[in-house]
1. Given the convex hull over the Cα atoms of the chain, what projected area results after averaging over all orientations, in nm²?
2. Can you list which of the DSSP-assigned H helices in the chain have a Cα extent of 20 Å or more along the long axis and an average Kyte-Doolittle score of at least -0.5?
3. Loop-only chymotrypsin sites (Phe, Trp or Tyr not before Pro) in the range 113-146, please: DSSP not H, G, I, E or B, and at most 10 other Cβ atoms within 10 Å.
4. Computed from the mean reciprocal separation of all distinct C-alpha pairs, what Kirkwood hydrodynamic radius does the range 1-48 have, in Å?
5. What percentage of the solvent-accessible surface of the chain, computed with a 1.4 Å probe over protein heavy atoms, is contributed by carbon and sulfur atoms?
6. Just the number please: accessible area per residue for the range 1-117, 1.4 Å probe, all protein chains included, in Å².
7. What distance in nm separates the simple spin-label points at residue 31 and residue 125, each placed 7 Å from Cα in the Cβ direction?
8. Provide the convex hull volume over Cα atoms per residue for the range 24-65, in Å³.
Amino acid sequence: MIPERTVDHSAIRVNQAISVTLLAIAFVTGAAWLLLIVGPVLLISALAPRYALFTAFYRHALRPTGLVKPGVIRDNPEPHRFAQLLGGTLVTLAFVLVLAGAETLGWALPLVVIALASLNLFAGWCAGCMMYYWFNRLGVPGFTRSPIEASH
């Protein structure tokens, strides 16, 4: 029997809420150093999930106190990690662009991440997940998971 694949969507929402909040603060205040925190945290979360800082906060602080209840559902984790990889890449690139003096583009990228993470946080639509599944359908190497069909 194949083990069931699950994802705790509460952990994903906490990640998105923290990312959106920090990126909005960075944008409003011009604090580019926050980009240097959020970008690498998202990249590490995508590439080495066991070291995911925002998820650790959820697991060790929010969930045990009951402030956030687990939301475990049948799902593939890979598309969500791909979405984090995209977000982390854009935010890290934004930091580099701001440092290089390309501030308009540098600050536009976090706004894109804020918008897409907010869509997932508030509407449950993940742009990175959608891209992952498109790449899977196109047979792009590395995108090996197909959507999990709902059970009836």
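The values are calculated or read from the model by the stated rules, or taken from the named source; none is laboratory data. Only a predicted model underlies this, so the values are computations on that prediction, with no experimental measurement involved. Every residue, glycine among them, receives a Cβ derived from its backbone with ideal geometry; neighbour counts consider all protein chains shown. These area figures cover heavy atoms from the full protein model, side chains too; ligands, DNA and RNA do not enter into them. Shrake-Rupley method; radii C 1.70, N 1.55, O 1.52, S 1.80 Å.
1. Numbers: hull surface 42.9 nm².
Mean projected area of the Cα convex hull: 10.7 nm².
2. Details: long enough: 9-29 (30 Å, 1.24); 32-47 (23 Å, 2.51); 77-99 (33 Å, 1.07); 103-118 (23 Å, 1.60).
Going by DSSP H runs, the hits are 9-29, 32-47, 77-99, 103-118.
3. Taking the range 113-146 and a limit of 10 other Cβ atoms within 10 Å, no loop chymotrypsin sites (Phe, Trp or Tyr not before Pro) are found.
4. Values: mean 1/r = 0.0815 Å⁻¹.
One over the average 1/r among Cα pairs gives 12.3 Å for the range 1-48.
5. After summing per-atom areas, the C and S share lands at 69 percent.
6. Details: 6320 Å² over 117 residues.
Dividing the accessible area of the range 1-117 by its residue count gives 54 Å².
7. Distance between label points: 3.1 nm.
8. Working: hull volume 3.2 nm³, N = 42.
Spelled out: Cα convex hull of the range 24-65, divided by residues, is 75 Å³.
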